[in-house]
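Participant: Sharing a structure below in structure tokens format, with a few things to ask.
What follows is calculated from the coordinates using simple rules that are stated; it is not laboratory data. Just so it is clear, the model here is predicted, and its values are computed rather than measured. FYI the Cβ positions are ideal-geometry reconstructions off the backbone, even for glycines, and counts take in every protein chain you see.
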Number of protein chains: 2
Amino acid sequence: MEFGLQFYKKETLKKGKFLVQPGQYIRDFYFMKKGCVTFYTIEEGITRVMEFYTDGSFFTDLYPYIEEIPSESYLKVTEDSIVYVISKSDALKVFDHSHALERFGRLSMQKAFINNFQRINRIKNLSNQERYLQLLEKRPSLFQRVPQYLIASYLGLTPVGLSKIRKRLSKQ
Amino acid sequence: MEFGLQFYKKETLKKGKFLVQPGQYIRDFYFMKKGCVTFYTIEEGITRVMEFYTDGSFFTDLYPYIEEIPSESYLKVTEDSIVYVISKSDALKVFDHSHALERFGRLSMQKAFINNFQRINRIKNLSNQERYLQLLEKRPSLFQRVPQYLIASYLGLTPVGLSKIRKRLSKQ
DNA sequence: CATATTTATTAAACCAGTTTAATTAGAATC
DNA sequence: GATTCTAATTAAACTGGTTTAATAAATATG
């Protein structure tokens, strides 16, 4: 069991539910026990997949959560899921009360930061084909649980583009 | 003065110095008081600019710092700089001793995480031209202190590519 | 100041993606 | 099982970058 999870509330989420929609304020922090939630951003009317949160990850729409401003994103349940939820005020109480959990929070943030930094690294240093292959290798289960056009979006491609890459690869 | 900086040691760095080179272990955490340090990664022999750390930012090569493995990157002083330095062991002592500073550390990490997340957002949702214009708007001083080919690298372009974008823009 | 070196631009050929539209394949529903 | 709907592939034209190489501009050095 992840450290500190005893302060969270367990919830089950049905596929298709929106955890967050644009305009909403974000009061909760989540831990994905089992399932999948997809994070979408909207920019100039275009919706893109930014992240898939699967088993074992902490998540929320962090920027509006922290700044207490309305979200500009979606968080959509892509698969029936079990999550643990804690409100921001409860989380703060826990942190106030426990230096150890505050440290755990800091280290978790550090880990999340590194993940993102390495992702930027990949985006900048690898071709789309290489990033597709790497995703296939590192998170093979995604390809079972999520349609390909969402993965294309996550990789920053159109469905057509990803299809071309797959074809190119199959001919080798 | 940034919170906690009293535990750091002030240092001046000459342009051209490497703060970190591939193979080195990273024992220190930095705060840039005044100046500029450039973070480079190497991937398949190709060196790319990942970040410019300028006035007011905390930085180090975080992944090898945390994991205590050799760095695969460069951190090069791009401009005579004044930084504040704290060793990892000293930082940990400070955190052990002060819940408030531990919290400051957590919140700083949170901020850094969000910055990176939004950067991924920009990379995915904006064209190179838009990202160039945004950089020009948000960090205009970079263009005074750093040569254009490094900015091209930072934007994920070749010098030729950036030059084309600039030309395209000047003809409007 | 003249020269050497580094940085930025331009040109030409090329390529990995895009867009749009048509087609095929697969899943869900009656 | 036939129909409808959604997802994936293919084709064709296009585009914003790349690479390589030459040139021009800016900067540093003797």
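Participant: Would you tell me the mean number of C-beta atoms belonging to other protein chains that fall within 10 Å of each C-beta in B:123-131, as a whole number? Before the final figure, lay out each step's value.
Facilitator: Values: counts 5, 10, 9, 2, 0, 0, 0, 1, 0.
The mean count of partner-chain Cβ atoms within 10 Å per residue comes to 3.
Participant: Taking each residue in A:57-67, count the Cβ atoms of any other chain within 10 Å of its Cβ, then average. What number comes out? Write out the running numbers ahead of the final one.
Facilitator: On the way: counts 0, 0, 0, 0, 1, 4, 7, 0, 2, 5, 1.
Counting other chains' Cβ atoms within 10 Å and averaging over A:57-67 gives 2.
Participant: Helix A:128-138 sits at what angle to the longest principal axis of chain A, using alpha carbons and giving 0 to 90 degrees rounded to 10?
Facilitator: 50
Participant: Here is a further query. Please state, as a whole number in µm²/s, the translational diffusion coefficient that the Stokes-Einstein equation yields for the range A:9-99 at 4 °C and 1.567 mPa s, with Rh defined as the Kirkwood radius across alpha carbon pairs. Let's see the in-between values first.
Facilitator: Details: Rh = 13.5 Å.
Calculated translational D: 96 µm²/s.
Participant: Strictly over 31 Å apart at the Cα level, which of B:Lys33/B:Lys167; A:Lys34/B:Lys138; A:Lys17/A:Lys88; B:Lys17/B:Lys88 would you flag in this model?
Facilitator: Values: B:Lys33/B:Lys167 35 Å; A:Lys34/B:Lys138 40 Å; A:Lys17/A:Lys88 21 Å; B:Lys17/B:Lys88 21 Å.
The answer is B:Lys33/B:Lys167; A:Lys34/B:Lys138.
Participant: In whole Hz, with x marking every Gly and Pro, tabulate ³J(HN,Hα) for the range A:69-86 from phi via Karplus 6.51 cos²θ - 1.76 cosθ + 1.60, θ = phi - 60°.
Facilitator: 10, x, 5, 10, 10, 10, 10, 10, 6, 9, 6, 3, 9, 10, 10, 10, 10, 9
Participant: Compute the helix-to-body angle for A:88-97: its Cα long axis versus the longest principal axis of chain A, expressed 0 to 90° and rounded to tens.
Facilitator: Taking the Cα atoms of chain A, the angle to A:88-97 is about 60 degrees.
Participant: Could I ask something else about it? Count, for each residue of A:100-107, the Cβ atoms from other chains sitting within 10 Å of its Cβ, then give me the mean as a whole number. It would help to have the intermediate numbers written out before the result.
Facilitator: Working: counts 2, 0, 7, 8, 1, 7, 10, 4.
Mean partner-chain Cβ count within 10 Å for A:100-107: 5.
Participant: With Cβ to Cβ distances under 11 Å as the rule, what net charge do the other residues near B:Lys15 carry (K, R +1; D, E -1)? Walk me through the intermediate numbers first.
Facilitator: Values: positive: B:Lys14, B:Lys17, B:Lys76, B:Arg145; negative: B:Glu79, B:Asp80.
Summing Lys and Arg as +1 and Asp and Glu as -1 gives +2.
Participant: Which order do peptides B:123-136, A:146-159 fall in by mean Cβ count within 10 Å, highest first? Don't skip to the end; give the middle numbers.
Facilitator: Values: B:123-136: 15.6, A:146-159: 17.2.
Taking the mean over residues of other Cβ atoms within 10 Å, the ranking is A:146-159, B:123-136.
Participant: At 7 angstrom along the Cα-to-beta-carbon line, where would the label on B:Ser98 sit relative to the other copies? Give the distances in nm, shortest first.
Facilitator: 2.4
Participant: Hey, another quick one. What GluC sites (Glu not before Pro) does the range A:1-85 have in DSSP loop regions with at most 10 other beta carbons within 10 Å?
Facilitator: Loop-located and lightly packed - A:Glu44, A:Glu68.
Participant: Across 10 Å bins from the origin, how do the percents of Cα pairs in the protein assembly as shown run, short distances first?
Facilitator: Histogramming the protein assembly as shown at 10 Å steps yields 5, 22, 31, 27, 13, 2, 0 percent.
Participant: Ok, one more. Would you list which lysines come within 21 Å of B:Lys93, measuring only between C-alpha atoms, while excluding same-chain residues fewer than 8 positions from it?
Facilitator: Partners within reach: A:Lys111, B:Lys9, B:Lys10.
Participant: May I pose another question? Taking amide H atoms as placed 1.01 Å from N in the peptide plane, list the residues 5 or more away in sequence, or in a different chain, whose amide H sits under 5 Å from that of B:Thr78.
Facilitator: B:Gly16, B:Cys36, B:Val37, B:Thr38
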